[in-house]
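Visitor: I am attaching a structure below and will ask some questions about it afterwards.
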Amino acid sequence: MIRWTLVALAGLSLGAPPLVAPDSAPVAPAADSTSGQLHALIDAAHGASPLVCGLAARNIGNGWGWGGDAPVTPLPRIERVRSHEHRAPLSNPDVAFLAGNLDASDPCVQEIAVRMLAQEETEQAVRALTDRLTATDSSTRLAAALGLGLMQPPSAVEPLLRAIQDRAGSVRANAVWALGRIGDGRAVRPATARLGDQDDLVREAAAGALGHLDSASAIPALTRLLAHDPVARVRRVAAWALAELDAKSARDALTAALSGDGNAIVREMCAWAIGELGDGQAPAALIKAAADDGDEQVRETAVWALGEIGDAAAADQLGKVLRADRSVRVRRTAAWTLGQLDLRSAPDGLLDALGDSDRELRLTAAWTLSQIGDVRALPQLRAALAKESDAGARKAEIRALIHSGERTERLTELLDSQDPAVREAAIRGIARHGGVDPWPWPQPRPRPFP
């Protein structure tokens, strides 16, 4: 029960509803007051396992912004699962209590204390964190930089600029990450210099920070990082940053990495970046990656990027992907992408997808055919509708029939359907012929971010 008390107190200290332990017994706070809960929280953190402490830290609910969290935390990296509404400010003694626990040797205590302190927007809290950027213990310094990155106070820029020269790589990484979150232009040159840091975590954090500092001066250095850094994570974030900076001059470097980088996470991000930078003409490397890359996520992202660029010349290749790719995720995204290309005729493969065993692919293919409006698709759409068992896909196929020029008398036949959704769609089509609401609206999977 003690281990769940820590997790519950982390939420209660923010005004969250009480958590329930695995045995369904409610966990009560140690005291009614905020101060009492705070002290109980830190007391419970002493000696807690990393797993339980990580749950408690997540329950505190700091806003994460870009990049998820700082490069280094007192505990091993954890993932956020929830957040809470803002609570009343802590008293000055409580802020001092938390600040004092930043110096603790227990990483769980540090993790809880810094995340609680980062919720405050007071000068006292900022000062407590900036003062500890020069602490003797590197774990205290990295926690302070973490807190300042979560808090993002403009007054912390100068202390953080000094901290990116710290002798500990973990502190340098957190400091440059925090500067990127604050977004002050004074950090551009120092962050660019950190792209040559011996610590790969610092280089990764610096690349991510530069993606948010909106300065074209960093583009040449990020381009070199993409081409030459030995660590895949660093190259991946460099590709992301180049897209964020709208670095069209780096398109050749991104294309080269898409074709030649040995790590799939880098190629995936390069495909995404090329799509973001798209100028209306898809590079051959993107089309080749969509067809031939050995990694499913790379192929899917390359297919998505072709839709972002909007080059109709890629339609035939996308049709081949629809027919041949072994991944249904890739085929779904290929069908969606074809709907973005302003086509006048359906490529080979799209009509075949109407008969696929995957319901979502059939739905997406029908939606895309309604975007294209190819009268030659009518026979296949009629056949697909006659066999379709899914209500959503049937609606999509009816919409495609309408937009492909189906005659009103054929739509009238659908009024005798036993499916109310089909009857509704047919009525809409007969009444407005082409003005059916644009359902469904399929979307591809989330894009990759570092």
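The values are calculated or read from the model by the stated rules, or taken from the named source; none is laboratory data. This structure is a prediction, so every number in the text was calculated from the model and none was measured. Cβ: placed from backbone, ideal geometry, glycine included. Neighbour counts: every protein chain shown.
Visitor: Within the stretch 223-241, is there a residue that is polar (S, T, N, Q) and more than 28 Å from residue 150 (Cβ to Cβ)? Break it down stepwise before answering.
Guide: First, the residues of the stretch 223-241 that are polar (S, T, N, Q): 223.
Now drop any that are not more than 28 Å from residue 150 (Cβ to Cβ), which leaves 223.
The answer is yes, given that some residue of the stretch 223-241 is polar (S, T, N, Q) and more than 28 Å from residue 150 (Cβ to Cβ).
Visitor: On to the next question. Would you be able to say whether some residue in the stretch 244-265 is more than 29 Å from residue 343 (Cα to Cα) and touching a Ser or Thr at 6+ places or on another chain (Cβ under 7 Å)?
Guide: yes
Visitor: Which residues, taken from the stretch 397-426, are surrounded by 19 or more Cβ atoms within 10 Å (Cβ to Cβ) and among the basic types (Lys, Arg)?
Guide: Across the stretch 397-426, the qualifying residue is only 399.
Visitor: Based on this model, can you work out whether residue 277 counts as crowded, with 24+ Cβ neighbours inside 10 Å and touching a residue at least 12 places away in the same chain (Cβ under 8 Å)?
Guide: On the way: crowded, with 24+ Cβ neighbours inside 10 Å: no; touching a residue at least 12 places away in the same chain (Cβ under 8 Å): yes.
No.
Visitor: Follow-up question, since we're still on this one. Is one or more of the residues making up the stretch 216-230 surrounded by 24 or more Cβ atoms within 10 Å (Cβ to Cβ) and among the basic types (Lys, Arg)?
Guide: Here is the first cut: in the stretch 216-230, the residues surrounded by 24 or more Cβ atoms within 10 Å (Cβ to Cβ) are 218, 222, 225-226.
Still in the list and also among the basic types (Lys, Arg): none.
No, the stretch 216-230 has no match at all.
Visitor: Test of understanding: among 227, 253, 238, which residue is within 18 Å of the chain's Cα centre (by Cα), modelled with pLDDT of 95 or more, farther than 18 Å from residue 296 by Cα and in a helix (DSSP H, G or I)?
Guide: On the way: 227 fails: within 18 Å of the chain's Cα centre (by Cα); 253 fails: within 18 Å of the chain's Cα centre (by Cα).
Matching residue, one of 227, 253, 238: 238.
Visitor: Within the stretch 66-149, which helices (runs of 4 or more DSSP H) (wholly inside it) include 3 or more residues that are of a type outside the set (A, V, I, L, M, F, W, C) and at pLDDT below 80?
Guide: Working: elements: 92-101, 107-117, 123-131.
Per the criteria, no element qualifies.
Visitor: Of the residues that sit in the stretch 164-205 and are outside any helix (DSSP H, G or I) and acidic (Asp, Glu), which one is nearest to the chain's Cα centre (by Cα)?
Guide: Going residue by residue through the stretch 164-205, those that are outside any helix (DSSP H, G or I) are 164-168, 183-184, 197-199.
Among the residues that remain, those that are also acidic (Asp, Glu) are: 166, 184, 197, 199.
Details: 166: 30, 184: 23, 197: 26, 199: 25 Å.
Result: 184.
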